[in-house]
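What follows draws every value from the coordinates through simple rules; no lab data is involved. Keep in mind the model is a prediction, meaning the values are calculated, not measured. Cβ atoms come from the backbone with ideal geometry, glycine included; neighbour counts cover every protein chain shown.
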């Protein structure tokens with residue numbers, strides 16, 4: 001099952017995307033090494049360093065979009081697909097849609113998941129809950145989040 005599914009964990013900055021991606025990878029035997037921003041830092045010329053990314057989200061988003069435009073608008077995600085089937089941090093609607101189409105064209109199931117959490121709006125994130133098939137509530141305690149993910153994954157596995 002895990003090699004047939006690609007999860008895209010999306011949401012505003014500080015919503016818990018990386019925490020959720022790591023947990024999915026741990027409990028579901030999925031492949032995840034780096035967040036999109038961590039992977040981008042290794043391959044894309046970005047302003048500042050990774051710890052400063054919250055101050056540079058819009059500039060990082062544009063630099064990643066420019067890099068992605070070299071290959072159907074999803075170059076970075078295609079590169080990541082060699083070692084990942086959990087992605088967190090896709091910021092643009094067209095990238096999410098093009099990546100989803102590419103994943104499906106390769107015979108895989110694409111599952112975009114919105115992380116629902118009360119955090120400030122993120123000007124670099126064009127994606128909203130309506131662009132995703134599912135949403136995971138991250139508005140309570142960490143144990144509640146783990147339970148929500150477990151419940152979600154049980155449903156996906158039975159599909």
Quiz item: Got a sec? How would 94, 116 order by Cβ neighbour count within 10 Å, fewest to most?
Solution: 94, 116
Quiz item: So which residue, out of 25, 81, 105, gets the largest mean-square fluctuation from a GNM of the chain using Cα contacts under 10 Å as springs?
Solution: 105
Exercise. Treat the count of other C-beta atoms within 10 Å as a stand-in for reagent exposure and order 31, 43, 154, 84 from fewest to most.
Key: 154, 43, 31, 84
Practice problem: Tell me what the chain gives for mean residue ellipticity at 222 nm when only DSSP H runs of n ≥ 4 count, each as -39,500 (n - 2.57), the sum divided by the residue total, rounded to 500 deg cm²/dmol. | Solution: -13000 deg cm²/dmol
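For the chain, what is the Kirkwood estimate of the hydrodynamic radius, computed as the reciprocal of the mean inverse distance between distinct Cα atoms, to one decimal in Å? Please report the intermediate quantities before stating the final value.
Values: mean 1/r = 0.0637 Å⁻¹.
Result for the chain, one decimal place: 15.7 Å.
Take the Cα pairs of region 70-159, get the Kirkwood Rh, then feed it into Stokes-Einstein at 4 °C and 1.567 mPa s and tell me D in µm²/s. Don't jump to the answer; show the numbers that get you there.
On the way: Rh = 14.5 Å.
Result for D is 89 µm²/s.
Can you put 14, 36 in order of Cβ neighbours within 10 angstrom, beginning with the fewest? Working shown, then result.
Values: 14 13, 36 25.
Going from least to most buried by this count: 14, 36.
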